[in-house]
Every structure is written in structure tokens, then in C-alpha cells.
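Note sheet for the following structure.
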Amino acid sequence: MGSAGSADRYLPDTVQQAVKILVVGDFGVGKTTMIGAVSEIEPLRTEETMTQASVGVDDLAGLDGKTTTTVAMDFGRITLSPYTALYLFGTPGQRRFWDLWAGLGEGAVGALVLVDTRRIEGSFEVLDQLELRGDLPFAVAVNHFPDSTRHSPQALREALDLEPGTPIVNCDARSRSSSVDALIALVKHALATQKGPS
Amino acid sequence: MSGEYHDSAVRPYVLTQGRARPTRNTVGLDTLLVVADAGKPLPPSATRQARDLLRMFGRLLSLAEAAAHLRLPLSVAGILASDLVDSGHLIARSRIPEAGRPDLTTLQEVLNGLRRLS
Ligand SMILES: Nc1nc2c(ncn2[C@@H]2O[C@H](COP(=O)(O)OP(=O)(O)OP(=O)(O)O)[C@@H](O)[C@H]2O)c(=O)[nH]1
Ligand SMILES: [Mg+2]
């Protein structure tokens with residue numbers, strides 16, 4: 001992993017385009033861990049204001065002198081080729097965050113939904129949202145913790161009530177190669193979706 | 001941890017002179033930016049945040065990275081950066097974010113790039 005020191009924080013000058021993938025899921029499912037495992041830079045954190053996304057401009061005028069409530073998001077980067085950089089944005093999946101991140105999905109390759117099998121109900125909201133949206137390809141990555149019970153992918157698919165075409169893969173968010181494999185499953189799915197008749 | 005609410009010391013309304021959104025939706029968090037002409041001065045009225053941002057883009061970087069390094073809220077950095085693009089100080093290199101998906105060529109390139117890593 002590279003350091004975030006100013007010497008190597010920059011992209012090679014040859015890079016012409018950036019693409020992004022969202023890493024979503026319940027609190028504590030391993031989003032930050034996965035981003036850290038694959039990122040070439042020390043994962044960074046940025047924040048967005050909640051008030052701004054949820055209220056009109058006029059209301060902001062009344063905020064002078066007050067502080068603004070914010071939500072944090074962390075992200076990492078992989079320079080995939082001299083031409084293309086991939087950004088991974090980790091965002092909480094709960095419904096109340098979706099207004100805030102509505103724009104985040106725009107132009108994205110897709111979303112990787114991390115699931116913790118010890119609390120699969122924590123994934124229902126984000127899966128509902130993604131299926132409802134319908135415009136953002138997504139894949140499910142089951143992050144295994146030491147005390148998780150192993151379920152067959154088919155059993156998990158049923159428990160999560162996934163649509164038949166949605167990929168589901170096992171992963172270890174601490175492992176770079178395992179996380180890369182999960183990302184590959186998502187991109188293959190995004191390609192198939194783009195090519196397919198749907 | 002991420003997802004928790006906390007108070008920010010920065011007031012977007014003040015830093016951006018009252019605008020809550022970019023005038024044009026051309027700069028997204030994954031937009032790559034770089035200084036247009038290192039010699040071109042900012043007007044004396046430019047804020048410290050705008051100066052910091054311009055300095056940060058001395059070489060190629062995404063808006064999200066610049067915002068994180070400068071600890072600016074993303075929305076504030078976005079408004080300042082679009083102003084700097086409008087005024088000719090910054091060049092947006094990557095394609096403008098659109099509602100659509102990346103095209104097949106781009107997706108294939110991403111897939112190939114990831115496969116080289118695994
Ligand atoms: N054993 C094991 N532990 C993991 C794995 N992934 C994450 N963890 C641990 O689980 C905890 C939560 O992981 P995070 O990566 O912070 O989860 P997150 O989704 O970013 O959490 P929030 O940002 O708080 O929503 C950390 O202590 C990790 O070290 C995994 O694959 N296996
Ligand atoms: Mg996190």
C-alpha cells in the first residue's frame with residue numbers, strides 16, 4: 001500500500017479517465033477494510049453535509065452561526081492502467097443515507113454490497129434500494145468473519161431474496177486478492193448487463 | 001467511524017458565498033482536475049480554500065482526494081473547483097459524470113485491469 005504523503009499522492013499524468021465503484025453495506029461489515037486492502041493509496045475520508053442534501057438552499061441561510069451535521073465516507077484508488085483510475089467509495093447502506101448518496105451512483109460501474117452473515121437483515125434495506133433503483137448493477141460479496149456460520153451461496157441467495165441474475169460471491173475483505181475477485185464479479189456482471197437485452 | 005454524525009467546523013454557506021450547489025454540474029467527486037496554467041494568478045478576493053485547492057491540483061488528482069487532503073467537505077470543494085474551472089484556473093480531465101453507465105470499452109478495460117491485479 002502506498003503512503004498518502006504528498007510525493008506519491010498524485011495520479012500518473014497519463015491518466016485520462018476515472019471510474020468508480022460503490023462499496024455499500026451495513027455498519028461494520030468490512031467496507032473500510034476492503035477499501036484498505038485493495039487501495040494503492042492510504043484510504044482517505046471525506047464528508048458530505050446532511051442538511052445540504054435534504055433541505056433547500058433557502059433553509060441553509062438560517063444556518064449561519066450553527067454547525068452542520070455531516071456524514072463521512074471513505075475511499076481508495078487503484079490505477080488500473082496508464083489511462084484509467086478506479087475509485088472505490090465506501091458508504092453506509094441504510095435508507096436514510098440514500099438521498100445523500102443519490103448522485104454517487106451516477107456514472108458508477110456498479111455497487112458491491114458487503115454482507116455479514118451473522119446479521120443478514122442489516123443488508124435488506126440496501127438490497128431493496130438497489131433493486132428499486134434498477135439502474136445500478138450490483139453484486140453481493142459475503143464477508144466471512146471467524147465466527148460466521150458457513151452457508152451455501154444458494155441458501156444465502158434465498159435468505160437475501162436476490163434476483164436470479166445477481167451474482168453472489170464469498171470474500172475476505174482483509175485479503176487483497178479476495179477483494180479484487182469480488183470486484184471482478186461485479187464488473188463482469190456490469191458488462192453482461194450492459195451487453196444484454198435488458 | 002464512518003456513518004456517524006458529527007459536527008463540522010466548516011460552514012459551507014459561508015465558504016461558498018451562499019451557494020449550496022455548483023452553478024454547473026460538471027465537477028463530481030471522481031472528476032480528475034489539474035492546474036491549467038501555473039502562472040495564472042487568482043484574484044485578490046479568492047478565499048484561502050480556493051487557493052489551497054488550486055495548489056493541491058498542481059498535479060493530477062480527483063476532487064474527492066483534494067477535498068480529503070484539505071479536509072474540506074466534498075460539496076464545498078466541488079463548488080470551489082467548478083468556479084476554478086469556469087475561471088480557467090483548473091482543467092477537468094476526466095469525462096463529465098453523466099447519468100449513464102460507463103461504456104463497454106471502459107468496463108472491459110476495468111475488468112482487464114482488475115484481472116492483472118488478481
Ligand atoms: N475476521 C474478519 N474481520 C473483519 C473482516 N472484515 C472486517 N473485519 C473487521 O470488522 C470490523 C469492521 O470492519 P470495517 O471495515 O471497519 O467495517 P465498515 O463497513 O467500514 O464499518 P463502518 O464504516 O463502521 O460502517 C473491523 O474491526 C475489521 O477489522 C473479515 O473479512 N474478517
Ligand atoms: Mg467504514
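The values are calculated or read from the model by the stated rules, or taken from the named source; none is laboratory data. Just so we're clear, the structure is a prediction, and the values are computed from it rather than from any experiment. Cβ placement follows ideal geometry from the backbone for every residue including glycine, while neighbour counts extend to all protein chains displayed. Side chains are part of the model used for accessible areas, which takes the heavy atoms of the whole protein and leaves out ligands, DNA and RNA. Shrake-Rupley method; radii C 1.70, N 1.55, O 1.52, S 1.80 Å.
Miscellaneous remarks
- Pairs are defined by a Cβ separation below 9 Å, a sequence spacing of at least 6 or placement on different chains, a first member in segment A:110-138 that is assigned to a helix (DSSP H, G or I), and a second member that is surrounded by fewer than 16 Cβ atoms within 10 Å (Cβ to Cβ) and among the hydroxyl-bearing types (S, T, Y); the pairs so defined are A:T117/A:S148; A:T117/A:T149; A:R118/A:S148; A:R118/A:T149.
- Of the residues making up segment B:33-75, those that are among the hydrophobic types (A, V, I, L, M, F, W, C), more than 20 Å from A:E48 (Cα to Cα) and free of Cβ contacts under 8 Å to residues at least 24 places away in the same chain number 2.
- Looking at A:E125, A:E163, A:E158, just one residue is modelled with pLDDT under 90 and open to solvent by 30 Å² or more (accessible area, probe 1.4 Å), and that residue is A:E125.
- Residues that are within 9 Å of A:G76 (Cα to Cα) and more than 9 Å from ligand 2 (Cβ to nearest atom) within segment A:28-42 comprise A:G36, A:V38, A:S39, A:E40, A:I41, A:E42, listed in sequence order.
- Candidates A:V169, A:V187 - the one that is out of contact with any strand residue (DSSP E or B) (no Cβ under 7 Å at 6 or more places or on another chain) and surrounded by 15 or more Cβ atoms within 10 Å (Cβ to Cβ): A:V187
- Cβ-Cβ contacts under 7 Å between residues 6 or more apart (or on different chains), taken from a first residue in segment A:82-93 that is more than 13 Å from A:G30 (Cα to Cα) to a second residue that is of a type in the set (S, T, Y) and away from ligand 1 (no atom under 16 Å from the Cβ), are listed as A:P82/A:T14; A:Y83/A:T14; A:A85/A:T79; A:Y87/B:S62.
- Among the residues of segment B:62-91, the ones that are surrounded by fewer than 19 Cβ atoms within 10 Å (Cβ to Cβ) and under 16 Å from A:D13 (Cβ atoms) come to 1 in all.
- A:R150 vs. criteria at pLDDT below 95, in a helix (DSSP H, G or I) and of a type in the set (D, E, K, R): no
- Here A:D116, A:D99, A:D135 are screened, and the one residue that is at pLDDT 90 or above and either open to solvent by 10 Å² or more (accessible area, probe 1.4 Å) or away from chain B (no Cβ under 13 Å) (or both) is A:D116.
- Flag for A:V24 being modelled with pLDDT of 75 or more, part of a strand (DSSP E or B) and more than 7 Å from chain B (Cβ to nearest Cβ): yes
- 3 or more residues under 9 Å from the mean Cα position of the chain (by Cα): qualifying helices (runs of 4 or more DSSP H) within segment B:43-98: B:63-70, B:74-86
- Some residue of segment B:36-47 being open to solvent by less than 40 Å² (accessible area, probe 1.4 Å), modelled with pLDDT of 95 or more and of a type outside the set (S, T, Y): no
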